[in-house]
């Protein structure tokens with residue numbers, strides 16, 4: 001398969017053909033089958049091969065084939081991304097299962113990412129949409145590998161009601177929402193950790209912003225700066241690059257109250273900048289944190305109370321190699 005984007009009327013016909021052929025294979029109406037595509041842009045789908053693949057896959061549908069399905073949608077991913085959870089609601093227990101693919105062109109607004117979450121809970125479509133938007137905002141729309149987005153981004157949440165358990169009161173809605181957030185967050189973090197050429201996963205936390213939009217601007221700019229990300233790759237705690245990205249973000253900043261910490265998981269944060277000037281930290285302590293596979297960069301703007309977090313990665317030679325050779 002491929003993106004089936006920039007393929008004109010023939011591409012739309014191919015998408016409809018996939019719906020119709022799948023409906024013939026499995027029974028049902030074509031509109032009940034949703035098409036997700038990703039890959040090279042501007043290339044017609046090889047429909048004979050697509051149809052053959054659908055015919056092969058249809059009889060293999062099974063609750064036991066979750067891993068196989070997750071493997072089937074991989075592109076430059078190096079490992080499948082899937083999980084399932086159960087959650088107790090006031091009316092009984094329901095299940096949620098999810099799978100996703102994506103390793104490059106990953107950035108908020110989802111980038112070249114495909115994701116599917118299913119549940120056996122009883123819940124109306126309108127409420128599903130509300131739950132999904134909330135979950136995506138703190139997961140798939142809070143990760144960045146390379147700052148690029150693509151023509152092909154889809155996340156679906158489907159409910160068949162097979163459990164007979166409704167999501168209807170405040171307690172049930174809170175429990176279901178928390179479980180969905182857990183699934184989406186876990187899948188999103190799998191994508192970040194499996195990013196093209198990635199060796200480090202970095203949490204970018206921004207606090208003290210004047211507005212939520214300002215917090216997001218700063219986090220986005222840090223998370224996508226090539227100079228910041230290459231410093232991550234090299235294990236170089238060049239905090240001036242983080243300050244550079246913060247300053248050019250366009251957010252309101254109080255330079256006399258600006259602060260920066262870095263930290264490894266389960267360790268005390270190391271203050272790097274306080275009240276706009278560097279602390280007397282030891283370079284070797286900062287370098288040790290930047291050498292870890294996971295760490296946090298925390299910037300406080302000193303301008304308010306808004307905050308946000310994003311998850312990003314380093315930018316390595318391997319990323320360049322993978323994408324220089326993508327079509328070869």
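The values are calculated or read from the model by the stated rules, or taken from the named source; none is laboratory data. Since we're looking at a predicted model, the values are computed, not measured. Here Cβ is always computed from backbone atoms with ideal geometry, including for glycine, and neighbour counts include all displayed protein chains.
Couple of notes before you dig in:
Conditions tested, residue by residue: (1) free of Cβ contacts under 8 Å to residues at least 12 places away in the same chain; (2) over 16 Å from the mean Cα position of the chain (by Cα); (3) under 29 Å from residue 226 (Cβ atoms).
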{"position": "103", "(1), (2), (3)": "no, no, yes"}
{"position": "121", "(1), (2), (3)": "no, yes, no"}
{"position": "130", "(1), (2), (3)": "yes, yes, no"}
{"position": "139", "(1), (2), (3)": "no, no, yes"}
{"position": "152", "(1), (2), (3)": "no, no, yes"}
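- Identification of strands (runs of 3 or more DSSP E) wholly contained in the range 222-328 with 3 or more residues that are in contact (Cβ under 8 Å) with a residue 40 or more places away in the chain and either within 25 Å of the chain's Cα centre (by Cα) or surrounded by 15 or more Cβ atoms within 10 Å (Cβ to Cβ) (or both) yields 294-300, 306-313.
- Of the residues in the range 16-25, none is surrounded by fewer than 19 Cβ atoms within 10 Å (Cβ to Cβ), in contact with a strand residue (DSSP E or B) (Cβ under 9 Å, 6 or more places away or on another chain) and outside any strand (DSSP E or B).
- Residue identified as in contact with a strand residue (DSSP E or B) (Cβ under 8 Å, 6 or more places away or on another chain), assigned by TED's automatic domain parsing to the domain that holds residue 13, outside any strand (DSSP E or B) and farther than 19 Å from residue 185 by Cβ among 38, 56: 38
- One residue from 179, 186, 159 being touching a residue at least 24 places away in the same chain (Cβ under 8 Å), within 19 Å of residue 73 (Cα to Cα) and touching a strand residue (DSSP E or B) at 6+ places or on another chain (Cβ under 9 Å): 186
- Residue list for the range 177-220, filter: crowded, with 22+ Cβ neighbours inside 10 Å, closer than 19 Å to residue 148 by Cα and more than 17 Å from the chain's Cα centre (by Cα): 218
- Failed item, numbered, when residue 193 is tested on (1) over 30 Å from residue 289 (Cα atoms); (2) free of Cβ contacts under 8 Å to residues at least 12 places away in the same chain: (1)
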